[in-house]
Structure formats: C-alpha cells, structure tokens
C-alpha cells in the first residue's frame, strides 16, 4: 500500500483528510511487560502506522509468529521481524493501516531444533532508509500437490490446549497486550483482528476459540486447528480466512484443515474462506502476507 493509498484510506474509511506528506511517520516500539509464564520481564513489538498521530482510533492486528522466531523477548526479539505483517510494514516499508502487536514465544524446549539453532542474527531484516529487503528465497517444493480430505487429526492439533511449549501458554499475556494497546495506543476495541503463521496459525485458532468476543476476524496461515474448536467459533460467527500450501508436507498439510472447516459448516457457520496455494509449500505465508487481499479483508470487519 503506497503512501497515497494510506492517505486515501484515512480519508475514505476513517474520515480524516490529510496529505501523505503531513502524516506522522511509522514507529516500531518495544513495550516491556512482566511475563507470568516465564516469571521474567520481556518485550513485545508495537508498530504504529503512518498517520498514527492524526487519528484517534486504529484497527489493531495481533500477529503470532512461527516456531522459528522464538526467543527471550529481549535480545532475541528482532527475530520476530523475519516474517509476516511486521516484516511487511516495518522492513518492507509498506504502510499497513493497523497498530500491529507482535509478541515473541519463549524458547521452551525448542532451542535444539535445527532451524532455530542455526539461525543467524545477520539474517534479520532491517528497515532501510531507502528501498526494501529481498524476499526470502523459497525453492519450489518437491512435494506433489494434494487435495484429499481427511478425518484424521494429528495429536499435536487435537491436544494443542495441553501443549506445554506453544502460544496457548501465553493466552492471558496476549490478551493483556491487546488491552494495553487499546488503552494506550489508540486501538479500536471493535476492530481487533488476529493472524499467525504455522505455530502461530495454530495459536490463532486456539486463542480465537477461547476468546471469540475479543476478535473481529481471524486469519490462520499454514496452521491447522482441531475440530473441537468449532462450536465456539461457530457460535460467535467468527469470520475466518485460512490459508494452506498445496505442497506443505508438515503437520499443517491441506488435508488436516478439513476436519475443523467441515465441522464449522455442519454447525451452520458459513463466513469461512479457505485458500489453498496449490503450488506452494509450508512457506505459503510469504505470498499471503506479501499480498494485499488479506489486509483489505481484515479491514472490512468490526464487532
């Protein structure tokens, strides 16, 4: 979204007349908080969009990253910039019209996973004075495209609520971050949306089902969910747009999305979109967050 489009959005959607040149610059803040889960002080990012100073209320997006961006919430927090809306808004200089909350999942027992153990700080993208970062290289997956249905639900999905090392352990902290943004960073309580990729996609399903009253819409990306979450989501008529990769060979492959989606339909919930990027693997999130359609869809929803 260009600066001129941001000015147009502020005018047409928010009722604010302002030229792009007169809008306040974007900011990326590190907000400290006490983590009950870790019994330690940690930080999370809050992105303030262009024009933040000129408007009283802003849509809020809570973003949950994937497994590879875990860390201590202090020195490791910049790993959260690797992917997703915050990468797009801050590192790629896209003027996304949301206040974006981006916390970091603790390492727990994942420190020896290869893609975490071998990650390098030199690969963390930065906001440049001019220009953008190259997108990550993602070779075409060798997995065949697939679309078969499945009644099977992996134990990792079915038992997500009991996981000892994922976003479910931070549910109260995540909601407190949202409350803080609503109170101190001009957040609009009617327009809080939730999205996440991979492990964060699973977390998106879980948090929305536990607290459907808090979110206007959700977008799990390459993260499947358990069918037992369907009743709460259907009862709330939660708008959902989820994404999967047709060549994803992880426990988030296409067939594992269908049990929950079919259960939502059985319960009469029809405000659900499911997009399969048939030629992509697990890194489907690169295409999804680099596009514009998801952000436009999120902006359409309010409580």
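Before moving on, here are some points about what is shown:
- Whichever residue in the range 243-266 is in a helix (DSSP H, G or I) and in contact with a helix residue (DSSP H, G or I) (Cβ under 6 Å, 6 or more places away or on another chain) and, among such residues, is surrounded by the fewest Cβ atoms within 10 Å (Cβ to Cβ): 263
- Test result for residue 199, at pLDDT below 95 and in contact with a helix residue (DSSP H, G or I) (Cβ under 8 Å, 6 or more places away or on another chain): no
- Checking residue 239 against (1) out of contact with any helix residue (DSSP H, G or I) (no Cβ under 6 Å at 6 or more places or on another chain); (2) more than 30 Å from residue 132 (Cα to Cα); (3) touching a residue at least 24 places away in the same chain (Cβ under 8 Å); (4) surrounded by fewer than 17 Cβ atoms within 10 Å (Cβ to Cβ), the condition it does not meet: (4)
- Any hit, the range 105-128, residues being surrounded by 14 or more Cβ atoms within 10 Å (Cβ to Cβ), under 20 Å from residue 292 (Cβ atoms), at pLDDT 95 or above and in contact with a strand residue (DSSP E or B) (Cβ under 8 Å, 6 or more places away or on another chain): no
- Count of the range 141-156 residues which are at pLDDT below 65 and either on the phi > 0 side of the Ramachandran plot or surrounded by fewer than 12 Cβ atoms within 10 Å (Cβ to Cβ) (or both): 5
- Candidate set from the range 267-303 (those that are in a helix (DSSP H, G or I) and without any contact (Cβ under 8 Å) to a residue 12 or more places away in the chain); member that is surrounded by the most Cβ atoms within 10 Å (Cβ to Cβ): 287
- Residues (in contact with a helix residue (DSSP H, G or I) (Cβ under 6 Å, 6 or more places away or on another chain), farther than 9 Å from residue 104 by Cα and surrounded by fewer than 23 Cβ atoms within 10 Å (Cβ to Cβ)) located in the range 51-84: 67, 68, 81, 82
- Flag if residue 87 is closer than 24 Å to residue 120 by Cα and not in a strand (DSSP E or B): yes
- Here 176, 219, 171 are screened, and the one residue that is farther than 12 Å from residue 260 by Cβ, in contact with a helix residue (DSSP H, G or I) (Cβ under 9 Å, 6 or more places away or on another chain) and surrounded by fewer than 18 Cβ atoms within 10 Å (Cβ to Cβ) is 171.
- Per-region count, the range 179-189, residues out of contact with any helix residue (DSSP H, G or I) (no Cβ under 7 Å at 6 or more places or on another chain) and either over 19 Å from residue 51 (Cβ atoms) or part of a helix (DSSP H, G or I) (or both): 6
- The selection criterion, being modelled with pLDDT of 95 or more, in a helix (DSSP H, G or I), surrounded by 18 or more Cβ atoms within 10 Å (Cβ to Cβ) and in contact with a strand residue (DSSP E or B) (Cβ under 6 Å, 6 or more places away or on another chain), does not hold for residue 46.
The values are calculated or read from the model by the stated rules, or taken from the named source; none is laboratory data. Remember, it's a predicted structure, so these values are computed and weren't measured experimentally. Cβ atoms come from the backbone with ideal geometry, glycine included; neighbour counts cover every protein chain shown.
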